[in-house]
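Read through the structure below, which is laid out as structure tokens, and then see the notes.
The values are calculated or read from the model by the stated rules, or taken from the named source; none is laboratory data. All figures in this text were calculated on a predicted structure; none of them were measured in a lab. In this analysis, Cβ positions are derived from the backbone assuming ideal geometry, glycine residues included, and neighbour counts consider all displayed protein chains.
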Amino acid sequence: MPVLSLTLALALAMPPSGAPSESEVYRVTLIRAAPGGLLQLIDLLGSRMAVYDAAGEERPIVLRHRQGDQWDLFVLTPVGSLAEYFSAERVSRHADAAESIGMSEDAFEQGVRDLTSWRQDLFVEGPPAELARTVIDAGTFFHVEMFIALPGMYAELVQERKMENAYSAALGRPQPMIFTRLMGAEWDVFTLGVYRDLSHYAESDAIPADEAEAAATAAGFEGREYIGSYMRTLILEHRDTLMGREM
């Protein structure tokens, strides 16, 4: 998307509040490769894309760890809805597509297991897949923040994420997409920020203090310096990871 700025792409995907205008379900898989097995695992996941094409399904988006949490790969797969994903018709269609490509579902899963030392799966609700892909395709550098809310603080944590997006929007910064847990691993909320490159991610350091202060108070915070401390009153755990696009 050379002529569409990343900020505009994010604005298309996320309304001013930061909440998705519609929702879609995604499967998120976090994988730490077995020692020495990362490149083989990437090749295996890449070879599997033909199955999604043959089944008429959205391809997963695969992001690769650069710095942060323990895992190597972040796999984001749009699945429409839980009912659709687990339906007998879809499971059969996907299995038939796998057989036509030459590697059954069982063989593929065994291959993944053989190349994996740690794995988590999570189903989340997020923005529509077409808009999420538009945003992700516009960037090359990604920042995921994953949260476990303290008891009773889930709704307030989601609202805090929206407030941070309002703060970012007021400063002309990208607004991370918000995803919320449906089932699976322990993460209640994660946000995915998309940037042109590392320098774009770091540009916030150059924003004048008075502008940042005004944007923070307008978004509902006590001030710029209170954003992080307020967020930490809502969470049990928080992980940050920087990533690049793998496929």
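Being touching a residue at least 24 places away in the same chain (Cβ under 8 Å) and under 30 Å from His143 (Cβ atoms) is the requirement here; does Arg93 meet it?
Working: touching a residue at least 24 places away in the same chain (Cβ under 8 Å): yes; under 30 Å from His143 (Cβ atoms): no.
The answer is no for Arg93.
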#### Entry: Ala13 being under 14 Å from the mean Cα position of the chain (by Cα) and modelled with pLDDT under 95
yes
### Message
Scan region 164-180 and tell me whether some residue there is in contact with a strand residue (DSSP E or B) (Cβ under 6 Å, 6 or more places away or on another chain) and surrounded by fewer than 22 Cβ atoms within 10 Å (Cβ to Cβ).
### Response
yes
### Query
Can you pull out the residues in region 48-65 that are farther than 20 Å from Asp121 by Cα and either surrounded by fewer than 16 Cβ atoms within 10 Å (Cβ to Cβ) or polar (S, T, N, Q) (or both)?
Asp53, Gly56
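Which count do you get for residues in region 49-75 that are of a type in the set (A, V, I, L, M) and touching a residue at least 60 places away in the same chain (Cβ under 8 Å)?
Just the residues of region 49-75 that are of a type in the set (A, V, I, L, M), to begin with: 49-51, 54-55, 61-63, 73, 75.
Subsequent filtering for residues that are touching a residue at least 60 places away in the same chain (Cβ under 8 Å) retains 49, 61-63, 73.
Counting residues in region 49-75 that are of a type in the set (A, V, I, L, M) and touching a residue at least 60 places away in the same chain (Cβ under 8 Å) gives 5.
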### Query
Of the residues that make up region 97-111, is at least one surrounded by 16 or more Cβ atoms within 10 Å (Cβ to Cβ) and without any contact (Cβ under 8 Å) to a residue 40 or more places away in the chain?
no
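Which one is modelled with the lowest pLDDT, of the residues in region 192-209 that are assigned to a helix (DSSP H, G or I) and surrounded by 11 or more Cβ atoms within 10 Å (Cβ to Cβ)? So that I can check it myself, show each step before the final result.
Our first condition is that a residue be assigned to a helix (DSSP H, G or I); within region 192-209, this holds for 198-206, 209.
Now restrict to residues that are surrounded by 11 or more Cβ atoms within 10 Å (Cβ to Cβ): 198, 200-204.
Details: Leu198: 93, His200: 95, Tyr201: 92, Ala202: 91, Glu203: 89, Ser204: 85.
If we take residues in region 192-209 being assigned to a helix (DSSP H, G or I) and surrounded by 11 or more Cβ atoms within 10 Å (Cβ to Cβ), then Ser204 is modelled with the lowest pLDDT.
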### Query
Thr241 is checked against (1) more than 24 Å from Ala170 (Cα to Cα); (2) over 21 Å from the mean Cα position of the chain (by Cα); (3) among the hydroxyl-bearing types (Ser, Thr, Tyr) and fails just one. What number does that condition carry?
(2)
### Query
So which of Glu145, Glu225, Glu156, Glu211 ends up being more than 25 Å from Arg48 (Cβ to Cβ) and free of Cβ contacts under 8 Å to residues at least 12 places away in the same chain?
Glu225
### Yes/no for Gly102 being within 24 Å of Lys162 (Cβ to Cβ) and either in contact with a helix residue (DSSP H, G or I) (Cβ under 6 Å, 6 or more places away or on another chain) or modelled with pLDDT under 95 (or both)
no
### Query
What tally of residues in region 177-187 results from selecting those that are assigned to a loop (DSSP other than H, G, I, E, B) and within 25 Å of Gly139 (Cα to Cα)?
1
